[in-house]
Amino acid sequence: MKQFVVIGCGRFGSSVATTLYGYGNDVLAIDKSEERVQNISNFVTHAVQADVTDENSLKSLGIRNFDVAVISIGSDIQSSIMATLIVKELGIKYVLCKAQNELQAKVLYKIGADKVVFPERDMGARVAHNLVSKNVIDYIELDPEYSILEIVCPRAWIGKSIKDLNLRATYGINVMAIKQGTNINISPAPEDNLRENDILIVIGKNEDINKIEQKDK
């Protein structure tokens, strides 16, 4: 069991904290709002109202004993930066931060953040991909160049094998897994035939992924 501290309990922070706790982890949630702390207190290990820009306040909470810190203060850039600096200085090995834009992300990386996420941007991208293609179930952008796509098998691929389709050469993608009902094939063979309603998890360059999304439009 890992120990997580989530600083900032808005919609994103609360979702992260309660999900981590649901997986059986020890979760400390911190927010300056007493109302937010009360709302989440029954769904995490501990919930505390505190000024996250005050190093002494965070020290008194034993922050240095936690494995991971999630800084989910997206709108207050100054507080986000201060909280990130403090938890890194206190010795937390892995710090994930929420950002609203690339400039904020650059600053957070420079002061020690291990990973920066853009919840609003990423959700917007997922919604857009779902609107563009009826086949797309989920979409995860790994970086500006590569993505993972979860897509319903296009009609033109049904009954054909991965080898026959030559997906890597034709579309520049690799099939990581195939979901067939409740079964998941995590290492599909080239000879495996694709069936109707199969769900493919593929990885590739965004420009190639976009070609896949055009199938069966």
Practice item. Return only the number of the condition from (1) without any contact (Cβ under 8 Å) to a residue 60 or more places away in the chain; (2) surrounded by 14 or more Cβ atoms within 10 Å (Cβ to Cβ) that residue 209 does not satisfy. Key: (1)
Revision key, fill the gap. The number of residues in the stretch 182-198 that are surrounded by 13 or more Cβ atoms within 10 Å (Cβ to Cβ) and either within 28 Å of the chain's Cα centre (by Cα) or of a type in the set (Ser, Thr, Tyr) (or both) is 3
**Study point:** Residues (over 22 Å from residue 15 (Cβ atoms) and outside any helix (DSSP H, G or I)) located in the stretch 81-102
**Key:** 90, 91, 93
Exercise for review: Report whether or not residue 78 is modelled with pLDDT of 95 or more and either within 20 Å of the chain's Cα centre (by Cα) or in a helix (DSSP H, G or I) (or both).
Suggested key: no
Point to revise | Enumeration of residues in the stretch 31-48 that are of a type in the set (A, V, I, L, M) and in contact with a helix residue (DSSP H, G or I) (Cβ under 8 Å, 6 or more places away or on another chain) | key: 40, 44, 47, 48
Exercise for review: Go through 93, 98 for me and flag whichever is in the same structural domain as residue 113 (by the TED database), surrounded by 17 or more Cβ atoms within 10 Å (Cβ to Cβ) and modelled with pLDDT of 90 or more.
Suggested key: 98
Practice item. Could you grab me the full set of residues in the stretch 124-157 that are among the aliphatic types (A, V, I, L, M) and at pLDDT below 65? Key: 125, 127, 128, 131, 132, 136, 137
Point to revise | Scope the stretch 1-13; condition touching a helix residue (DSSP H, G or I) at 6+ places or on another chain (Cβ under 7 Å) and not in a strand (DSSP E or B); matching residues | key: 9, 12
Practice item. With respect to residue 43, determine if the residue is in the same structural domain as residue 109 (by the TED database), closer than 23 Å to residue 119 by Cα and out of contact with any Cys (no Cβ under 8 Å at 6 or more places or on another chain). Key: yes
Point to revise | Top-ranked residue in the stretch 103-115 [being in contact with a helix residue (DSSP H, G or I) (Cβ under 8 Å, 6 or more places away or on another chain) and either outside any helix (DSSP H, G or I) or outside the structural domain of residue 10 (by the TED database) (or both); ranked as nearest to residue 13 (Cα to Cα)] | key: 113
Revision key, fill the gap. From the option list 27, 48, 52, 16, single residue qualifying as in a strand (DSSP E or B) and surrounded by 19 or more Cβ atoms within 10 Å (Cβ to Cβ) is 27
Study note, to complete from the structure: Of the listed residues (38, 3, 78), the one being within 24 Å of residue 100 (Cβ to Cβ), surrounded by fewer than 22 Cβ atoms within 10 Å (Cβ to Cβ) and of a type outside the set (Ser, Thr, Tyr) is 78
Practice item. Output the number of residues of the stretch 162-177 satisfying the condition of being touching a Gly at 6+ places or on another chain (Cβ under 8 Å) and not aliphatic (A, V, I, L, M). Key: 3
**Study point:** Residue, nearest to residue 165 (Cα to Cα), within the stretch 186-200, restricted to residues that are in contact (Cβ under 8 Å) with a residue 24 or more places away in the chain and of a type in the set (A, V, I, L, M)
**Key:** 194
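The values are calculated or read from the model by the stated rules, or taken from the named source; none is laboratory data. Every value quoted in this text rests on a predicted model; they were computed, and no experiment measured them. Every residue, glycine among them, receives a Cβ derived from its backbone with ideal geometry; neighbour counts consider all protein chains shown.
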